[in-house]
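The values are calculated or read from the model by the stated rules, or taken from the named source; none is laboratory data. Being a predicted model, the structure only gives us computed values, none of them experimental. Note that we place each Cβ from the backbone using ideal geometry, even for glycine, and neighbour counts take in every protein chain shown. In case anyone asks, the SASA skips ligands and DNA or RNA and just uses the protein heavy atoms, side chains included. Shrake-Rupley method; radii C 1.70, N 1.55, O 1.52, S 1.80 Å.
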Amino acid sequence: MPKASVIIPAYNAEDTISVTIQSILQQSFTDFELIIVDDGSTDDTTGVVHRFDDPRIRLFTQANSGRPAAPRNRAIRKSQGELIFIFDSDDVMLPGKMATTVAMMEQAPDAGLAFTGFACIDEQDNIVNPDFLAPYQTLHQIPKKPVGKQAYLIESHAALRGLAASNYLGTSGVAIRREVFDRVGYFDEDVRNSDDFLMWQAVASQYDLLYIPEVFHQYRIRSGSISLRNIEDRAPGLIACTEKMKRFHQGDPASLKLLNQRIGRYHFEAGYSYFSKYKMKEARHAFMCALGKRIDKKTLFYLSLSMLPARALSQLKQLKSITSN
């Protein structure tokens, strides 16, 4: 049985998955298996995978589920390693990631999850952000204990409170002990997005986290990614997922307040998107929902504007444009 498993959910990834697989196979740490679950791709993703002649690669196919949680969970169930590396089909693993993570986790037996720093690249492999986590004040302000010379232990309660404020874990930077899934469960297949963010909080509610600051993978920003879709399409899933996060923060009013503020922000952003398209009924509903989570002048202002007829709003915009010129 391998020491580690790398799991990759893939959907229409024929343009990127070859580079991803190569970056994993070139790791100095070799005691691993690579589990790929093709989630009903309509391109040649499986053909690309089959071109690799390496006994560590295991490929499974299934009908499209429409979300990454289902293929991730299947890959976990098919895996055999003690430490499971979560990875995406368009990201690039940098040298030393697996060796360092395995070594540091052996020094931190109480940690259920390890995560590393990461860079961002575009579709042409250009680096657009060399260290994504560098400005994350939430992460930097969390109390940490050194583990060796390369990692820091974040105690469970501190990690969880920090996650209420922001998601400071990059999906492909994460490795989770197998035993953790037996205790906290698998990725939630009922949420449309942010299933990974929800999982990090489930783990942090039970285990310490291990932070390895070194940049060990490249996250690819793609024009068709879920995070770049219209907020009005994404908001319902984000809101539902954030509501589920609350169960991990019961008894912590400050964290619950932060989650409610996030929900309010999602409602406002969806409302503003509707407002900009003159969909006033939908905008009013979203603004009212936002006010149910947080009261702020900006939401009240746009709610009042959304009460006006679309024609009147159009004339106001024209007048503003004229006066500003």
Fill in: Members of segment 49-68 that are modelled with pLDDT of 95 or more and open to solvent by less than 60 Å² (accessible area, probe 1.4 Å)
V49, F52, D54, R56, I57, L59, F60, Q62
Worksheet entry | Criterion: on the phi > 0 side of the Ramachandran plot, open to solvent by 10 Å² or more (accessible area, probe 1.4 Å) and modelled with pLDDT of 95 or more - qualifying residue of G148, G185 | G185
Discussion item. Among the residues of segment 224-242, are any farther than 19 Å from V191 by Cβ, open to solvent by 50 Å² or more (accessible area, probe 1.4 Å) and in a loop (DSSP other than H, G, I, E, B)?
Written reply: yes
Fill in: Unique residue being modelled with pLDDT of 95 or more and touching a Lys or Arg at 6+ places or on another chain (Cβ under 8 Å) when the list is T46, T20, T16, T42
T16
Fill in: D91 vs. criteria surrounded by 15 or more Cβ atoms within 10 Å (Cβ to Cβ) and touching a residue at least 60 places away in the same chain (Cβ under 8 Å)
yes
Worksheet item: Which one of S194, S172 is buried (at least 20 other Cβ atoms within 10 Å of the Cβ), under 18 Å from P71 (Cα atoms) and out of contact with any helix residue (DSSP H, G or I) (no Cβ under 8 Å at 6 or more places or on another chain)?
Response: S172
Worksheet entry | The lone exception for P143 - which of (1) at pLDDT 95 or above; (2) under 26 Å from A4 (Cα atoms) it fails | (2)
Worksheet item: Where residues in segment 124-145 are among the β-branched types (V, I, T) and more than 18 Å from W200 (Cα to Cα), which of them is surrounded by the fewest Cβ atoms within 10 Å (Cβ to Cβ)?
Response: I127
